[in-house]
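See below for the structure under consideration.
The values are calculated or read from the model by the stated rules, or taken from the named source; none is laboratory data. Just so we're clear, the structure is a prediction, and the values are computed from it rather than from any experiment. As a convention, Cβ positions derive from the backbone with ideal geometry for all residues, glycine included, and neighbour counts pool all protein chains shown.
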Amino acid sequence: MRFFWTLLTVTLFLFNPFVANADGRIFVTNERSNTVSVIDAKSLTIESTIEIGERPRGIGLSPDNTELYVAVSEENKIVVVDPNTLKILREFEAGSDPETFAVHPNGNIYISNEDAAKATVFDPKTGKQIAEIKVGLEPEGVAISPDGKRVIVTSESTNMLHVIKTPENIIENNILVGSRPRSAAFTKSGNIAYATAEISGEVVKVDIVKAKIIQTGSTGDNKSKPKDVIISKDEKTIYVAGGRANKVVVMDANTLEIIKEIPVGKRVWGLAMSGNGEYIFTTNGVSGTVSVIDTGKNEVIKTIKVGEFPWGVVVKDN
Amino acid sequence: MLIKNIRFLLIIVMVVSSNLNAEIIEVDFAYIGHEEHPALLGVKQGIDESNLQGQFLNQKYNLEIISENKIQKHNFTKYIAILTTVKSEELKNLAKKLTDIPIFNLTDESNELRINCITNILHITPSSKMKADALKQWQTKTPDSKANPQSWHYSFKKFAARDLNKRFKKNYKTNMDDYSWAGWAAVKMTSDTVARTKIINAKNMLNYLKTKLSFDGQKGSDMNFRVTGQLRQLVLLVEDNKVIAEAPVRGIAKPPTLESLGILDCSK
C-alpha cells in the first residue's frame, strides 16, 4: 500500500505541469462561507470543499503533514482534518476567539486569542492547553523560528511584537513597531524577522536577538495595508500582501525597497509558498479568489475562485 | 586588582542602569466633565488599554476626574492632556487658561471652534460641517436615504472596529457611542505617543500630536490633525441602527478624499 502511494506520488510529481514539487493540496479558509476550499496542486482547480464551522481563519499543518488544523474563531475551537482523506478527525477548545496560529517543530500549536489579549499553547494530540502568555491587545500574527526557540506574537492594538522564549513560554522582549502589526516571518537562522504594520503601511526588519528594528520600508501608496509577509527561499526577497491595494508587493529583503508590485484580487491578506519556493498562493478576500504567483517571473499564472472572504492559506506539498 | 576593580565598577554600572530601565514612567490625564457622560467610559477604556501596553514598557497611566466648578483653583501642571466634555465659551476659557496642555474636545461640534484654530484644542469629535458633508455625499448617491452621520457606531465591524466594540461592551455593559469612541481615541493616541517617543511633557506632547501623529483609531485610515485642530477621520452613515456607508463616499469624494469633509482652513 505504501509502495503504491509512493509510486503515485512520484507519478504525479513527474506529470505535474504547474507546481513542480507539490503533488499535494492547497487549503484555504473562507471566513464568510464557513468552509475550507481544497485546491488540487496539480490542476490548480477546486477538488473539494469542507464544511468547517463559523468564521474559519488561521490554518496550518502538523510538522509531518498528517494533520490539518483550522482555527474556527466564532466557535472558539481548532478543528483537526486529515489532509489526505479530508475527513474531520476531531476538534478541541482553543480559548477565546482563536485567530491565527503557528505550529512549533515539536507539534504544539501557538494561538493568538484576539479578544483575550493572550496567546495560548496547545498540544493538538490531547487538545490540552500547555501554557498561556499574556500579550497586548488584539494579538494576531504568530511566527515560530525554524529552530523552535522563539515565537513572535504581534498585538495589533498595542503595536508590538512580543518575543516569547520557548520552552519557558515567557516574554523575552517587546518591540514597538508601526501601527497595527499583523503578521511576522522568521528567516532560517531565526535571528531576523520581518513584520508588517497595517495602518502605518510599513514592513520592518527586526534583529530578534537584540530586539531592534534594523530596517523600515513603506509598502507604497496609502491604500496599501500590508498583512501577510513571507520570505523567498534564498532570503533575498520578501513578499507582502498589500491588502486593499490589491497587490502583492515584492521587496528587497535587505533594503526593503519595492522591486515589483504584482496585481492580484481585491483585499489580499493571506500568503503561502510551495515547499520549493516556486509558487505563492494569495487569498483575495473581497474577490473570493486565490491567485497563484510564479516566483520565477513574479507574475500571476492562475486565479482560482474559492468561497466567500478567503482568509488563510497553507500548502501541503506531498 | 585593577581588573577586579573594573569588574566591580561594571557591576555597579549595570545595576544602576538596570534600575533606571526599570523605573516606571507615570503619566496623568485629567477629565473635566460629568461623571455620567459616556465619554468618560471611553476615557476609562483608553486608560485600561494604555496600562495594558504600559505593563510591557514600564509606563503607568492615571486618570483624575475634575468637576467643572473646581477648574479655577485646580493645579494642572502635572497632566499630559485634558479630556473634556465642556463646550463653547467654557471650552475656550479652558484653552486660554491652560495654553501649553493639549485639550481634547470630545463633544463640541461647532464649526466656529475649528475656524478659530485655537492652538491647544484638539477636536476628536467631527464638526457639524464634516457630518453635513458626509451626508451630502451619501445623498448624491442615494437621494432618498435618511441616514445619520456619526463618528462611531456599535454595529461597525471593519478595520477591527468589531474588536474595540466587543471589548468596550464587555467592560461597560453598554455600546460604544460617538462620545465614548472620542474619549478612547484621545487617551490612546496620547499613550501611543508616550510609548513611542517617551514624551511626558504636555507642551511637547501637544506639538507632537499636531504635527507628527500617525494613529490607528480602528476606523481604517491612519489618523492625524488638520491645522484647525480637527482629527481627520471617516464619518459613518447609520440607518436603522446599522452602518450602511462610510464617507468619504467612494466615487463621489474627490481625492484626497478625507479632505472632502469639513473645514480645512483657519479664518484669516
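Worth a mention:
- Meets criteria (in contact (Cβ under 8 Å) with a residue 12 or more places away in the chain, under 27 Å from residue A:64 (Cα atoms), surrounded by fewer than 21 Cβ atoms within 10 Å (Cβ to Cβ) and not small (Gly, Ala, Ser)) for residue A:317: yes
- Among residues of the range A:135-151 being assigned to a strand (DSSP E or B) and within 12 Å of another protein chain (Cβ to nearest Cβ), the one that is farthest from the chain's Cα centre (by Cα) is A:139.
- Among the conditions (1) within 30 Å of residue B:48 (Cα to Cα); (2) crowded, with 18+ Cβ neighbours inside 10 Å, the only one that residue A:145 does not satisfy is (1).
- Counting only residues that are closer than 27 Å to residue A:175 by Cα and either of a type in the set (A, V, I, L, M) or within 13 Å of chain A (Cβ to nearest Cβ) (or both), the range B:171-189 holds 6 of them.
- One residue stands out among those in the range B:52-93 that are part of a helix (DSSP H, G or I) and within 14 Å of chain A (Cβ to nearest Cβ): the one that is surrounded by the most Cβ atoms within 10 Å (Cβ to Cβ), which is B:53.
- Scope the range B:190-237; condition of a type in the set (D, E, K, R), within 11 Å of chain A (Cβ to nearest Cβ) and more than 23 Å from residue A:174 (Cα to Cα); matching residues: B:219
- Exclusive hit being out of contact with any helix residue (DSSP H, G or I) (no Cβ under 7 Å at 6 or more places or on another chain) and either under 20 Å from residue B:158 (Cα atoms) or crowded, with 18+ Cβ neighbours inside 10 Å (or both), set B:238, B:227: B:238
- From A:284, A:298, A:254, A:276, residue being out of contact with any helix residue (DSSP H, G or I) (no Cβ under 9 Å at 6 or more places or on another chain) and farther than 23 Å from residue A:235 by Cα: A:284
- Of all residue pairs spaced 6 or more apart or on separate chains, those with beta-carbon atoms under 7 Å, a first member in the range B:73-93 that is free of Cβ contacts under 8 Å to residues at least 40 places away in the same chain and a second member that is among the β-branched types (Val, Ile, Thr) and not in a strand (DSSP E or B) are B:87/B:107; B:92/B:118.
- Within the range B:134-172, tally of residues that are crowded, with 21+ Cβ neighbours inside 10 Å and aliphatic (A, V, I, L, M): 4
- Against the list (1) farther than 20 Å from residue B:36 by Cβ; (2) within 14 Å of chain A (Cβ to nearest Cβ), the condition residue B:48 fails is (1).
- Restricting attention to the range A:217-244, the residues that are touching a Gly at 6+ places or on another chain (Cβ under 7 Å) and within 14 Å of another protein chain (Cβ to nearest Cβ) add up to 7.
- Residue match in the range B:203-219 (condition: surrounded by fewer than 19 Cβ atoms within 10 Å (Cβ to Cβ), hydrophobic (A, V, I, L, M, F, W, C) and in contact with a Ser or Thr (Cβ under 9 Å, 6 or more places away or on another chain)): yes
- Hits in the range A:242-283 (condition: in a loop (DSSP other than H, G, I, E, B) and among the hydrophobic types (A, V, I, L, M, F, W, C)): A:245, A:253, A:256, A:264
- Count of the range A:192-218 residues which are touching an Asp or Glu at 6+ places or on another chain (Cβ under 7 Å) and more than 17 Å from residue A:141 (Cα to Cα): 4
- If you check A:207, A:228 for being at pLDDT 95 or above and over 17 Å from residue A:248 (Cα atoms), only one passes: A:207.
- Look at the range B:203-224: where a residue is in contact (Cβ under 8 Å) with a residue 60 or more places away in the chain and a partner is charged (D, E, K, R), sitting 6+ places away or on another chain with Cβ atoms under 6 Å, you get B:203/B:100.
- Failed item, numbered, when residue A:308 is tested on (1) buried (at least 22 other Cβ atoms within 10 Å of the Cβ); (2) in a loop (DSSP other than H, G, I, E, B): (1)
- For the range A:152-163, filtering for residues that are touching a Leu at 6+ places or on another chain (Cβ under 7 Å) and either farther than 19 Å from residue B:51 by Cβ or more than 8 Å from chain B (Cβ to nearest Cβ) (or both) leaves 3.
- The residues listed here are B:66, B:6, B:24; of these, the one that is over 15 Å from the mean Cα position of the chain (by Cα), modelled with pLDDT under 90 and β-branched (Val, Ile, Thr) is B:6.
- Within the range A:85-128, the set of residues being more than 14 Å from chain B (Cβ to nearest Cβ), surrounded by fewer than 16 Cβ atoms within 10 Å (Cβ to Cβ) and either part of a strand (DSSP E or B) or modelled with pLDDT under 95 (or both) comprises A:89, A:90, A:93, A:123, A:128.
- Here is the figure for the range A:164-213: residues that are more than 11 Å from every other protein chain (Cβ to nearest Cβ) and of a type outside the set (S, T, N, Q) total 26.
- Each residue in the range A:22-40 was checked for being under 21 Å from residue A:287 (Cβ atoms), touching a strand residue (DSSP E or B) at 6+ places or on another chain (Cβ under 7 Å) and not in a strand (DSSP E or B), and 2 of them qualify.
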